[in-house]
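See structure below.
Where a number appears in this text, it was derived from the coordinates with a stated rule and is not lab data. Because the structure is a prediction, the values reported are computed rather than measured. Glycine also receives a Cβ, built like all others from the backbone with ideal geometry; neighbour counts cover every protein chain displayed.
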Amino acid sequence: MRTIETDIAIVGAGAAGIPAAIEAARRYVKVDVFEQADHIGGSCNGGNGVFAVETQMQKEKQYTYTKKEILDYWAEYTHNTVDMRLVSEFINRSAGTYEWLKSFGVEFSDLIAYYPGAKYVWHFRRDGSPFITDLLRLVSEEAGAQYHLNTAVNQLMMKDGRCIGFRGKDAEGELEVLAKAVIIASGGTGKRADFVKEHTGVELGKDITVFPGMLYENPATSPKLGVELCWEAGAAHTPLMIDSFASIPDPNFGPGGVPAQLPWFRQPQNICVNLHGERFISEYEMRNGAFMGNAIATQKDSTAFMIFDQNMRDYYESVGMDFVMGNVHFMDELTADEYLDMNAARGNQDIIVADSLKELCGMMGIHKKLIDTVEEYNRNIKEHGNDPVFFKDNKYLMPIEGPTYYCARFRRHAYGVMGGLKINYRTEVIDTKGDPIPGLYAAGNDANAIYGDTYPFALSGNTSSFAINTGRMAGEHAAFFVK
Ligand SMILES: Cc1cc2nc3c(=O)[nH]c(=O)nc-3n(C[C@H](O)[C@H](O)[C@H](O)COP(=O)(O)OP(=O)(O)OC[C@H]3O[C@@H](n4cnc5c(N)ncnc54)[C@H](O)[C@@H]3O)c2cc1C
């Protein structure tokens, strides 16, 4: 078996692993990064934008959020069920990391809040600018880090309770990596449907939709998950959290869960029903895709439908929409009608246009009770001017009367699955007795157990920012440990 000796071995060349490589290599230790894929970048090349608080851009735009305010929000959101020292370390470093990224050429164009009431903390990467991970890889290589692609790590090596490296496999066969410290940055457990089903009861790809290519095809031959590697070595377990939101299934995916051309499907004026043709939540909840995804998961086949009519479409086009996401575009050349035609031509039934509710029910498989639901909804608006079921604000109440009806099917859709490892604010992996495992660090999704049960869309850009910030922290602390 071949042996590679290094100071710091990093598992995974994504949003966490590459910043870890920069920080460690800049502290004059030998750094080797091992990536199972034939390319770097992980699940989203560093993401579309990063969360940060008290940045220069926020100050220039007069957003006055403070770190304290965000930490307080976090405490309330999670009920302090997560490691708040780790959260405060992350928040404290976030503005510095935003500047750090800019110093390497990452271009940010705007600040975005995901929904009305959400915070303007998502620093959006300029459309078409280079990916964050591509830029950072160059910086890490200039500092001396070496990359080993097509190399899957399969077992940690432990001696006297300390991590001393790992075994893995590349195109030439088995190899052993002897390291003074190992950083796990393998991106969470979302590639393994069997593992997630075993530990959450939810089946990726069935109970919840996923991006094409997200799952490993064969768990038996796929690389080990970083979480598995650490659990086998005695690491404590944290619950897995599915990072998910309400979305029309692929290929109709887009910003906010809808194609860029059809933001009408996520407006609060629409009516939202389940397969029984009944409303089950206020349509206003659509603003926060994660919360709406949770609600959809409580319904039959984890399925919901958003419906609007021609009248509403005219209103959206002439007056405007209530739920918009800053300058998020991801646009291509098609108009809305061209998109609808294209979708119909490919035979996709997740978005349809119908001439009557009866026709709509038949096409979508919705119970015809929908007709009564709409009648009752319209009657309440016209006769009483209210929504006695969900108390939707009057300003969002519009009767649905045709003559054309637009309907989209929504499911709960996963971005990834995070958590599993417990780390402290120095990113040391904690064992089952509650103590750090010497020489073992983790960053990014594998160690992201800071949200409780649901991703906080109010603080968007959070997961990639957590990955980049904890990656930096792991690189720094591991280098200090090694020295
Ligand atoms: C479509 C999409 C859009 C997104 N947009 C945003 C956004 O705008 N803002 C935001 O904050 N987040 C966003 N995210 C989430 C963000 O991309 C992730 O939070 C982030 O990439 C996690 O970083 P990571 O380093 O933990 O994992 P990754 O970046 O996925 O990197 C993990 C790497 O480890 C490798 N690996 C896995 N197992 C092994 C093994 N055994 N041996 C060797 N290598 C291994 C993987 O191949 C991968 O390259 C988005 C995600 C998706 C899918």
Requested in this report: With an 8 Å cut-off on Cα pairs and a minimum separation of 6 or more residues, tell me the relative contact order of the chain in percent.
Outcome: 25
**Report entry** Straight-distance crosslink candidates among lysines, where the alpha carbon sits under 20 Å from Lys395 and sequence neighbours closer than 8 are dropped
**Finding:** Lys382
**Report entry** MRE, 222 nm, helices only [DSSP H, n ≥ 4, -39500 (n - 2.57), over the chain, to nearest 500]
**Finding:** -8500 deg cm²/dmol
Query raised in the report: Taking the radius of gyration and the Kirkwood hydrodynamic radius from Cα positions alone, what is the Rg/Rh ratio for the chain, to two decimal places?
Result: 1.01
Query - Backbone N within the range 11-55 under 13 Å of label point (7 Å from Lys483 Cα along the Cβ vector) - result: 23-30
Report task. For the range 67-84 and the range 14-28, write down the distance between their C-alpha centroids in whole Å. Result -> 28
Report summary line: Expected sort for 364-373, 154-163 on mean C-beta neighbours within 10 Å, highest first, is 364-373, 154-163
Report task. List, in the order given, every pair from Lys169/Lys206; Lys119/Lys392; Lys169/Lys422; Lys368/Lys392; Lys197/Lys300 whose Cα-Cα distance in the structure shown is over 29 Å. Result -> Lys169/Lys206
Report summary line: Between the alpha carbon centres of the range 268-295 and the range 87-121 the gap in Å comes to 30
Report task. Compare the peptides 350-362, 24-36 by average per-residue count of other Cβ atoms within 10 angstrom and give them in order, highest first. Result -> 24-36, 350-362
Report summary line: Bridge orientation stat for the chain from DSSP, antiparallel percent rounded to 5, came to 70
Query raised in the report: With the contact rule set at Cα under 8 Å and sequence spacing of 6 or more, what percent relative contact order holds for the range 402-483?
Result: 28
Report summary line: Counting Lys and Arg as +1 and Asp and Glu as -1 over every other residue whose Cβ sits under 13 Å from the Cβ of Gly205, the net charge comes to +1
Report summary line: Quick shape check on the range 244-413: root eigenvalues a ≥ b ≥ c of the Cα gyration tensor, a/c under 1.5 is rounded, otherwise prolate if a/b tops b/c, else oblate, and it reads rounded
Requested in this report: Please compute P(r) over all alpha-carbon pairs of the range 1-129, binned at 10 Å starting from zero, and give each bin as a whole-number percent.
Outcome: 11, 33, 34, 18, 4, 1
Report task. Highest first, please rank the peptides 251-259, 213-221, 78-86 by the mean number of other Cβ atoms sitting within 10 Å of their residues. Result -> 251-259, 78-86, 213-221
Query raised in the report: What helices does the chain hold that run 27 Å or longer along their axis, going by alpha-carbon atoms, with a Kyte-Doolittle average of 0.0 or more, using DSSP H for the helix calls?
Result: 462-482
Requested in this report: Using only alpha carbon pairs under 8 Å that are at least six residues apart, calculate the relative contact order of the range 244-413 and give it in whole percent.
Outcome: 36
